Amino acid sequence: MKGFFVTGTDTAVGKTLVSVSLISALQQQGKTVIGMKPIASGCEQTAAGLRNDDTLQLQAQADIKVPYEQINPYAFEPAIAPHLAAEKVGVNINIDKLHTAFENLGAQADAIIVEGAGGWLVPINKTHTMADLAVSLGLPIVLVVEIKLGCINHALLTVAAIEASGLSLHGWVANTIYEITESDAIIESLNDRISAPCLAEIKPLKTGEAVMMVTTLNIL
């Protein structure tokens, strides 16, 4: 199956922005693409049920329109780690169920972009982590790194864990959410130490607005 699994060095590092951008880039190559958020915490209760903003963005960008529950099989209201959110409502997250949902979605499009929750090793139940789900799906990985103090260590540890899993790290994205003096030097340091290419650099607008700009995106 074609596509990518998008993970991050932490939560709130820009995985959704990158996932939507990947869908758009593949669409520009003439492919039909669908997005999936297997597990989402921090959902809001609506008339239609629990809804997650990240998932809604993936759903809006996708070519294939399917019911929300198919792209986000596990939705939880508390904005906490998935396994803790699931425990609060007496749910056990089942990897086999997620794999089946993934295959059903993937059969409807040329490619699928799967966005993880939190970081690479965040638990999803008592025995499995997000990494185990990624291994089950078997997609190449795109890693999103928030460029900030301490991110070099976080990024290199995550890269080592991805490589140890046997999956392919297709590339990584440098996301400078807040401007810092040494951002270019940090990105250069990561480029020197990560064998997979930097697919994109995301910079904040100079006006100080919260909107981000993808300056490059090379997924070939």
field: DSSP beta bridge pairing in the chain, given as percent antiparallel to the nearest 5
entry: 20 percent
query: What do the square roots of 5 times the Cα gyration tensor eigenvalues come to for region 1-74, in whole Å, largest first, as semi-axes of the equivalent ellipsoid?
result: 21, 16, 10
query: What's the angle, to the nearest 10 degrees (0 to 90), between helix 183-193's Cα axis and the longest principal axis of the chain?
result: 80 degrees
- prompt: Over 28 Å between Cα atoms, which of 15/126; 126/148; 37/203; 31/97 qualify?
  reply: 126/148
task: Putting +1 on Lys and Arg Cβ atoms and -1 on Asp and Glu Cβ atoms, find which of 155, 167, 48 reaches farthest to the positive end of the dipole of the chain.
output: 48
- request: Calculate one ³J(HN,Hα) per residue across region 22-38 by plugging θ = phi - 60° into the Karplus curve 6.51 cos²θ - 1.76 cosθ + 1.60, and present them in order as whole Hz with x for glycine and proline.
  value: 5, 4, 4, 5, 5, 5, 5, 8, x, 8, 8, 9, 10, x, 9, 10, x
query: Among the aspartates and glutamates, which have Cα under 17 Å from the Cα of residue 88 when same-chain residues fewer than 8 positions away are ignored?
result: 44, 77
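Quick one: Cα convex hull volume of the chain, Å³ per residue?
About 122 Å³ per residue, rounded to a whole number.
Rounded to the nearest 500 deg cm²/dmol, what is the calculated helix-only ellipticity per residue at 222 nm for the chain, with -39500 (n - 2.57) per DSSP H run of length n ≥ 4?
Numbers: 8 runs with 80 residues, N = 220.
It comes out at -10500 deg cm²/dmol, rounded to the nearest 500.
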message: Can you return the aspartates and glutamates within cross-link range of residue 2? Criterion is Cα-Cα under 20 Å, with same-chain partners fewer than 8 residues away left out.
response: 63, 96, 103, 110, 115, 132, 163
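Values in this text are rule-based calculations from the coordinates and carry no lab data. On a predicted model such as this, the values are computed, not experimentally measured, just so you know. Neighbour counts run over all protein chains shown; Cβ positions are idealised from the backbone, glycine included.
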